[in-house]
Amino acid sequence: MWAYALRRGLAAIPTLFVIVTLAFFLMRVAPGGPFDAERTLPAEIEANIKAAYHLDKPLIVQYGIYVGNLLRGDFGPSYKYKDFTVGELIAAGFPVSLKIGGMAILLASLLGIAAGSLAALRQNSRVDHLVMGFAMTGIALPGYVVAPLLALAFGVYLKWLPVAGWNTGGWREMVLPVTALTLPYLAYIARLTRGSMIEVLHANYIRTARAKGLPMHRILTHHALKAALMPVVSFLGPAIAGIITGSVVIEQIFGLPGIGRYFVQGALNRDYTLVLGVVIFYAVLIMLLNLAVDLIYALLDPRVRYR
């Protein structure tokens, strides 16, 4: 298994190189520049600023400098957040995104698997229709609709919770963003679990277990659940990477100082290095979590072996 993990890690290097290259040149072909809002500066000062950031050099030279710094673990300075490097901004924003996203994906996994399993066991009953109706609603409603509605109901009208801000990062600041992030993922996981669990419950080995008189809870926990979780695990790999690196919409709406908010501000301000840093960080997480998902397959299904 470790040899397989090492090969996957080495195979990811060219993919990461392509991602860095595409992200670098796509950012540079976008109209505008990082210092367009500072046109009132004298030409000499603007030229000096561009020279300090190597923006006066040909694009291919800038690319070579960036890749060289990246190989040394240096994401470069931020063009807009003065006196901060991109690495420092990611290090400051990631704990907030991780706290919010980690809580959301944990709740979504626990509740989604439980709801999907219950719906599968009560297939075509009222419970099944209720769970699937909730799941379809959760999938259909985007985060930018749910989040303002939650803030309006529980923050403005009821005044139970703050509508925005992070302060000390206590549970009161977390409830609304975590709820808004949890709902769509909970809906997806419930649907995946239900479909997979129904298929597993009709498998021959489950019928055999029933014929032998095994209690239903033991059939579920010892035989059905592992197989039913395979598609859920596949979904969770990229989903976890996306949610813990910051939901762009949710962090903007609730004013959270996470990576997603930095990404939006970086894109709006043409902060090339900040956007590139977040993209690379996200890509690395995706690769690591997809590798983790592949390794977990072997734990869930004994037939899966890696050489």
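Give me the one-decimal Kirkwood hydrodynamic radius in Å for segment 175-273, with the sum taken over alpha-carbon pairs. Write down the numbers at each step before the final one.
Numbers: mean 1/r = 0.0613 Å⁻¹.
Over segment 175-273, the inverse of the mean reciprocal pair distance is 16.3 Å.
Enumerate the amide H contacts of THR85 below 5 Å, restricted to partners 5 or more residues apart or on another chain; note that Pro and chain-start residues carry no placed amide H.
Amide H to amide H, under 5 Å and 5 or more residues apart or across chains, THR85 pairs with SER78.
Place the peptides 60-71, 80-91 in order of packing, highest mean first, counting for every residue the other Cβ atoms within 10 Å and averaging per peptide.
Top to bottom by mean Cβ count within 10 Å: 80-91, 60-71.
Over the residues of segment 215-265, compute the C-alpha Rg and express it relative to 2.2 N^0.38 Å. Could the numbers behind the result be given before it?
On the way: Rg = 17.7 Å, N = 51, 2.2 N^0.38 = 9.8 Å.
In units of the 2.2 N^0.38 Å rule of thumb, it is 1.80.
Let me have the 222 nm mean residue ellipticity of the chain computed from DSSP H runs of 4+ only, each contributing -39500 (n - 2.57), with the sum over all residues rounded to the nearest 500.
Calculated mean residue ellipticity at 222 nm is -23500 deg cm²/dmol.
Which FRET efficiency value, to the nearest 0.05, do you get for ARG210 and SER234 by plugging their Cβ-Cβ distance into 1/(1 + (r/R0)^6) with R0 = 30 Å? Working shown, then result.
Working: r = 27 Å, r/R0 = 0.91.
That pair, ARG210 with SER234, gives E of 0.65.
Comparing LEU141, LEU183, LEU121, which has the greatest mean-square fluctuation in the GNM of the chain with Cα pairs linked when under 10 Å apart?
In the Gaussian network model the winner is LEU141.
Among ASN124, THR85, GLY102, whose Cα lies farthest out toward the positive end of the dipole of the chain, if unit charges sit on the beta carbon of Lys, Arg (+1) and Asp, Glu (-1)?
ASN124
Take the alpha carbon atoms of segment 1-89, find their radius of gyration, then divide it by 2.2 N^0.38 Å using N residues; give the quotient.
Output field value: 1.38.
In whole Hz, with x marking every Gly and Pro, tabulate ³J(HN,Hα) for segment 18-30 from phi via Karplus 6.51 cos²θ - 1.76 cosθ + 1.60, θ = phi - 60°.
5, 4, 4, 5, 4, 4, 4, 6, 5, 5, 6, 7, 5
So if I restrict to the alpha-carbon atoms in segment 189-238, what is the Rg, and what is Dmax, the biggest pairwise distance, in Å?
Rg, Dmax (Cα atoms, Å): 11.5, 39.
Taking only C-alpha pairs under 8 Å that are 6+ residues apart, what is the relative contact order of the chain in percent? Don't skip to the answer; put the middle values down first.
On the way: 355 pairs, mean separation 84.8, N = 307.
Once normalised by length, the contact order is 28 percent.
Where does the charge balance sit around ILE243 when Lys and Arg score +1, Asp and Glu -1, over other residues with C-beta under 12 Å from its C-beta?
Once all neighbours under 12 Å are counted, the net charge is 0.
For segment 32-106, what is the charge dipole size about the Cα centre, in debye to the nearest 20, if Lys and Arg each add +1 at the Cβ and Asp and Glu each add -1 at the Cβ?
240
Sorted from largest to smallest, which semi-axis lengths in Å does the alpha carbon gyration tensor of segment 42-201 give for its equivalent ellipsoid, taking the root of 5 times each eigenvalue?
45, 22, 14
State the extension gain, in nm to one decimal, for the chain segment bounded by VAL145 and TRP171, taking 0.36 nm per residue of separation less the distance between their alpha-carbons.
7.1 nm
Given (i) 61, 50, 36; (ii) 78, 74, 34; (iii) 85, 58, 31, which label gives Cα extents along the principal axes in Å as computed from the coordinates?
Computed from the coordinates, Cα extents along the principal axes in Å corresponds to (iii).
Using the alpha-carbon atoms, what tilt in degrees (0 to 90, nearest 10) does helix 43-52 show relative to the longest principal axis of the chain?
Taking Cα atoms only, the helix is inclined about 50 degrees.
Might you work out the accessible area of ARG191 for me, using a 1.4 Å probe with all protein chains in place, and round it to the nearest 10 Å²?
So the heavy atoms of ARG191 present about 100 Å² to solvent.
Would you kindly give the portion of the calculated P(r) for segment 54-116 that falls above 14 Å, as a percent of all Cα pairs?
71
The values are calculated or read from the model by the stated rules, or taken from the named source; none is laboratory data. On a predicted model such as this, the values are computed, not experimentally measured, just so you know. We place every Cβ from the backbone using ideal geometry, glycine too, and count neighbours over all the protein chains shown. Side chains are part of the model used for accessible areas, which takes the heavy atoms of the whole protein and leaves out ligands, DNA and RNA. Shrake-Rupley method; radii C 1.70, N 1.55, O 1.52, S 1.80 Å.
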